[in-house]
1. Within region 71-85, is there a residue that is surrounded by 13 or more Cβ atoms within 10 Å (Cβ to Cβ), modelled with pLDDT of 75 or more and over 30 Å from T21 (Cβ atoms)?
2. Taking L24 as the residue in question, decide whether it is surrounded by 11 or more Cβ atoms within 10 Å (Cβ to Cβ) and either at pLDDT 85 or above or not in a helix (DSSP H, G or I) (or both).
3. Filter region 34-70 down to the residues that are polar (S, T, N, Q) and assigned to a helix (DSSP H, G or I), then identify the one that is surrounded by the fewest Cβ atoms within 10 Å (Cβ to Cβ).
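The values are calculated or read from the model by the stated rules, or taken from the named source; none is laboratory data. Quick caveat, the model's predicted, so the values are computed rather than measured. Don't worry about glycine lacking a Cβ; one is built from the backbone with ideal geometry, like all the others, and counts go over all protein chains shown.
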Amino acid sequence: FLPFFLLSHKRVAAEYFKNTTLLLMGVICVAASVEKWNLHKRIALRMVMMAGAKPGMLLLCFMCCTTVLSMWLSNTSTTAMVMPIVEAVLQELVNAEEEHEVISTAGSTITEENKPIERKDLGKKKPLFSFNS
């Protein structure tokens, strides 16, 4: 390989398979498995149940969740694992808001349907057809 200044396959593979690269590949696999088994939705629902819809409490729950995960994983991998949890929490909040809007809209149409209909021409009967020529 000397005329082309190429490295041997062993040296090239050693450059690509550093410890950090393998760690990140492993963390991406763990994050994918968390999403496959809907663990991120379970964690997100638990966080929303504990914190409610208060932004400050949700932020505190995210911080605690990230802290617990970063005890065993690197910071980059923790971020990769928390992102599906954040997306699931945001989706649950959006769904809850849409459901609330639907319920409030349905409530207003029900009250409109219960209003009596006023007709001003009840006393006057008009014929449907006129045979006058």
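1. No: zero hits.
2. So L24 does not fit the description; no.
3. Once the filter is applied, the top-ranked residue is T67.
Listed here are the residues, each with its yes/no results for (1) among the polar types (S, T, N, Q); (2) in contact with an Asp or Glu (Cβ under 7 Å, 6 or more places away or on another chain); (3) touching a residue at least 40 places away in the same chain (Cβ under 8 Å); (4) closer than 30 Å to L93 by Cα.
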site	(1), (2), (3), (4)
R11	no, no, no, no
V34	no, no, yes, yes
K41	no, no, yes, yes
L45	no, yes, yes, yes
